[in-house]
Amino acid sequence: MDTKAVTGPVQKPNATTPAQQPSQASNVLLQATPLLQPGQQLGPLQPTSNLGSVQQTSNPAGTYQQPNPQTNYGAVQQPNPQSNFALQQPTPQTNYALQQPNPQTNYGAVQQPNPQTKQVPFQPSNQQTSLVPYQQPDPQTNLGAWQRPTPLGSLQPSTLLSKLAPNATHQLIRGDRSMLTMSDDNALVSHILGSHTPDGRDVDVKPLLRLVEDILRRATLTPETLLTTGSQTYLDSGFDDKSLHTSFLAMLEALSYTIDRIACELAYKALGGTDAHQTTVAICNMVSHYGWDAKLVLALAAFGLNYGEFWLLAQIYSTNQLAKAMAILKQVPGIIEHAVPLKPRFDALNDLIRTILEVTWCVIEFKDLPSIYITTDVPALASAMIHIPTAVYWTIRSIVACASQISSFTNMGYEFALSTSEAWELSTLTHKLKTILEHLKKKMEECVRYIEERKDVESYEMLVELFKMIHIDNMRVLKALICPRDDVLALVDGTTKRRVNLDVLRRKNVLLLISSLDITQDELSVLEQSYNESRLHEMRLQSPYEVVWIPIVDQLTDVKQRYFEVLQAPMTWYSVYHPSIISKASVKFIREQWHFRNKPILVVLDHQGRVVSPNAIHMMWIWGSHAFPFTTLREEVLWREEAWRLELLVDGIDTTILNWIKEGKYIFLYGGDDMEWIRKFTKEAKAVAAATRIPLEMVYVGKATKREQVKRVITNIVQEKLSTCWQDTATIWFFWTRLESMLYSKIQLGKDEEHDLVMQQIKRVLSFDREGSWAVLSRGSSVLVNEHGNILWPALFEYEQWKEKVALQGFDIAFQNYVAALRGDSHPCCRFEFSNYAGKIPENMKCPECHHYMEKYTTFLCCHDEGIVPSLLALATNN
């Protein structure tokens, strides 16, 4: 239908839409230069034409509601033929911002109607028809005056474009706010999922993203740098040209067309005021055949072209005449002059760009997750894959918003750019992206933990199999256990304090000293003594060996790190340079296969990497360097040479006792912390020795625990001159450690405890120590009595009852018989306590007295050094 030109006065735009009010200069220019000649006809406007950010829609939720025909909103209403609106054919006196567009401008992507939709001029779109933007238009459709060039008189196309862009871009940014607050992510993402049709092409986009990241990093400036940008060249280390390999250049050549298309889409849609959602969907359609990561990188690369071009001009326009001319066209000098007032806009823009990059890298990380360790069946990855389309949508939409900001700089000038409300729009998108990024990062952490667990399981199983195999040398098992990387100097030489490679251990017997940071100086001193002595052993040249300290630290803190260095400094053997190089799989293997808890163990590997002793530390405590080369076979040989005698208990500890043994003296070794019992026992022992005229010596050996109480007992014994005692607590510690090592060694070898006299007697001493006081009486090296204190003291106190038998049987037999008689009337309980940190704990144990299997308890023990009775909480679980 024909519409006659209106010659009446110009209507004023609605006051409620200040963004649509043209400037005063624009009014003068448009009034002086008519867009259309009087009487010229305006062709039918298609209902799907996108003229602003607010459109009629079929969405019942009403993101953009159909405007009231009675309300004057300018270019964004369906016009009433009787009303004077911007979409009517204008008169020379009519001034509206969104009039007939530049005929040279390509609006194809915006105007493409549904070919199945009937074109009805000036009619509202069918409520049942979904507005799908960017469809291929029907070639038979007559688009009327919107496709015909129109003489514009004295108004040049570039001038018209500069007048159209401010209002159009302002509508684009304003339209984003309603979309951010009212849209449903699921509905928006459905557009993306509908266009996501990957064809299987696999593009390594990381090199391209690094290149784009380099562009954005150099282009992302602060107001402070902007003030100096115009006067000096921005210098920084450039993107490494060596990284531009042939394969990368070939990939870039294949993708350049798509990148250019997206860049044009961003630029033209920003100038035309197209709704951000539609632009986002259009870009997604262009990259529909690519994966999620490639979609983001391609869109980001397109934005980098426009963004980098703008800031490149800002950096070099003062030194390059061509750049200066182009900068003036893009109003760059004005932006630089007003850099400080623009700080909120720049801060918001830079923050959003940084967040876009973070989200992009995060999506790439999900793609790079190894499929052999994790699949989409894993809940964490499944949840992330559901949210990645949402992340892609809002990231591309944020790129569109950033492109609109650059367009506002170049087309609207700094006056519009000073609007802080537009910075708020960017901040809203940044908040949206950061929320998505936080969720994705949380899921990535869960995926990484899952993958690490799978890798640890795989490494653990590999270690188990490796130690079952036969190898040429020991390097394969040592690398798998300590550090698999050849480029890492994993060890520290205790002599030179320099880092060395694992190759120094090749084809040598290796003693792995495994401990926590709780290893004591007493333990280290004894180990160092045995180590130095054994290195002088005559067999060492035939069978060279080295010691390597492997510290097991669950959570390494700064305090633990310093303590590790303190422990490591005096060591003369090798040690790992840092606890962190020991993998979780190795720690699990050490704990489960070698039964490490917290107490030090010494695992011996031969030159082929075979375990020849699962824990040789017991041998080292018992026999020292005499146990070299510390194999299980050597341990069995040494036990066959031993017998239940006093030298076994005190060998290498006290030379005075060894001299008494040679002299054939009677020797009482006794222990406990009951001072009253000690006074009575020593008094009666001296009285009996005097009565029977036997040479008697007594030595107090303390207790396995309660060091402070033992120190007080020693002080009293010395002051009261009750007997000889070991005043060095380290000697007492070593005595009890050797006894416990004897028991562990027997258990480790699997000896028959019921028929092993040595094991029976060791168990008695350890049990008596847990129950209270005890004593061992020997004549020379022969042990006569090994008994609990509650039996020994009465036997000595009741000497008058058995003294007559001394003359008939001798002291030894008479005393043994009387003690045995008292033991028959009294049956003290036997108790053994195995610490959870002591390594492998036996499943069951027989009583050394009655030879029945003992009941098994879980005991919580707290030994106080202030003389307080130990707090015991025992939960009995009978076997």
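So which of 588/746; 508/706; 599/711; 683/706 end up more than 30 Å apart by C-alpha?
508/706
Only Lys, Arg, Asp and Glu count, each charged at its Cβ (+1, +1, -1, -1), so figure out the dipole size of segment 469-627 about its Cα centre, rounded to 20 debye.
Numbers: 19 positive and 17 negative charges, 83 e Å.
With only Lys, Arg, Asp and Glu charged at Cβ, the dipole is about 400 debye.
Evaluate segment 708-747: find the radius of gyration of its Cα atoms, find its Kirkwood radius, and give the ratio Rg to Rh. Please list the in-between numbers first.
Numbers: Rg = 13.1 Å, Rh = 11.4 Å.
Rounded to two decimals, Rg/Rh equals 1.15.
What three numbers, in Å, describe the spread of the alpha carbons of segment 469-627 along their principal axes, ordered from the longest?
43, 35, 33
Bin all alpha-carbon pair distances of segment 645-731 at 10 Å intervals from 0 and give each bin's fraction as a whole percent.
Pair shares across the bins are 16, 48, 33, 3.
Taking 0.36 nm per intervening residue step and subtracting the Cα-Cα distance, what contour gain separates residue 197 from residue 598 on full extension? Please report the intermediate quantities before stating the final value.
Details: separation 401, 0.36 × 401 = 144.36 nm, distance 5.66 nm.
Difference between extended and current length: 138.7 nm.
Compute, for residue 594, the solvent-accessible surface of its heavy atoms (probe 1.4 Å) with the complete set of protein chains present, and express it in square angstrom to the nearest 10.
Approximately 20 Å² of residue 594 is accessible to the 1.4 Å probe.
How big is segment 260-302 by the Kirkwood estimate over distinct Cα pairs, in Å? Please list the in-between numbers first.
Details: mean 1/r = 0.0960 Å⁻¹.
It works out to 10.4 Å.
Students sometimes get this wrong: rank 669, 329 by accessible area, probe 1.4 Å, all chains present, largest first.
Details: 669 0, 329 145 Å².
Result, largest first: 329, 669.
With the dipole of segment 469-627 worked out from charges on the C-beta (+1 for Lys and Arg, -1 for Asp and Glu) around the Cα centre, which of 573, 514, 470 lies farthest toward the positive end?
With unit charges placed on the Cβ atoms, the residue in question is 470.
Length gain on complete extension for the stretch residue 708 to residue 683, per 0.36 nm per residue less the alpha carbon to alpha carbon distance? Provide the component values of the computation, followed by the final result.
On the way: separation 25, 0.36 × 25 = 9.00 nm, distance 2.44 nm.
Length gained between residue 708 and residue 683: 6.6 nm.
How high is the FRET efficiency between residue 801 and residue 781 when r is their beta carbon distance and R₀ equals 30 Å, given to the nearest 0.05? Before the final figure, lay out each step's value.
Values: r = 29 Å, r/R0 = 0.97.
So, using R0 = 30 Å, E works out to roughly 0.55.
Based on the Cβ-Cβ distance of residue 674 and residue 449, what FRET efficiency does E = 1/(1 + (r/R0)^6) give at R0 = 41 Å, to the nearest 0.05? Working shown, then result.
On the way: r = 54 Å, r/R0 = 1.31.
E between residue 674 and residue 449, to the nearest 0.05, is 0.15.
If you keep only loop residues by DSSP, which trypsin sites (Lys or Arg not before Pro) in segment 684-715 have at most 10 other Cβ atoms within 10 Å of their Cβ? Before the final figure, lay out each step's value.
Details: sites: 686, 693, 703, 706, 707, 711, 712; in loops: 693, 703, 706.
Qualifying residues, ordered by number: 693.
Quick one: 3J(HN,Hα) in Hz for segment 358-371, Karplus 6.51/-1.76/1.60 with θ = phi - 60°, rounded, Gly and Pro as x.
Values, residue by residue: 5, 5, 4, 5, 5, 5, 5, 4, 5, 5, 7, 4, x, 5 Hz.
Report the per residue volume, in Å³, of the convex hull enclosing the C-alpha atoms of segment 642-820. Write down the numbers at each step before the final one.
Working: hull volume 20.8 nm³, N = 179.
Taking only Cα atoms, segment 642-820 has a hull volume of 116 Å³ per residue.
What does the accessible area of residue 556 come to, in Å² to the nearest 10, when a probe of 1.4 Å is used?
70 Å²
If you roll a 1.4 Å probe over segment 685-752 with all protein chains in place, what percent of the accessible area is carbon or sulfur?
Working: 1370 of 2950 Å².
Reported share for carbon and sulfur atoms: 46 percent.
What number comes out for accessible area per residue over segment 469-627 if the probe is 1.4 Å? Units Å², please.
Working: 7360 Å² over 159 residues.
Accessible area per residue, segment 469-627: 46 Å².
Per the 1.4 Å probe, what fraction of the accessible area of segment 469-627, in percent, lies on carbon and sulfur atoms?
Details: 3780 of 7360 Å².
The value for segment 469-627 is 51 percent carbon and sulfur by accessible area.
I want to check the label-to-label distance for residue 633 and residue 556. Put each point 7 Å from Cα in the C-beta direction and report it in nm to one decimal.
Between residue 633 and residue 556, the label points sit 3.8 nm apart.
The values are calculated or read from the model by the stated rules, or taken from the named source; none is laboratory data. Quick caveat: nothing in here was measured; it's all calculated off a predicted structure. When we count neighbours, we look across all protein chains shown, and the Cβ atoms used for this are built from the backbone with ideal geometry, even at glycine. Heavy atoms of the whole protein, side chains included, go into the accessibility calculation; ligands, DNA and RNA do not. Shrake-Rupley method; radii C 1.70, N 1.55, O 1.52, S 1.80 Å.
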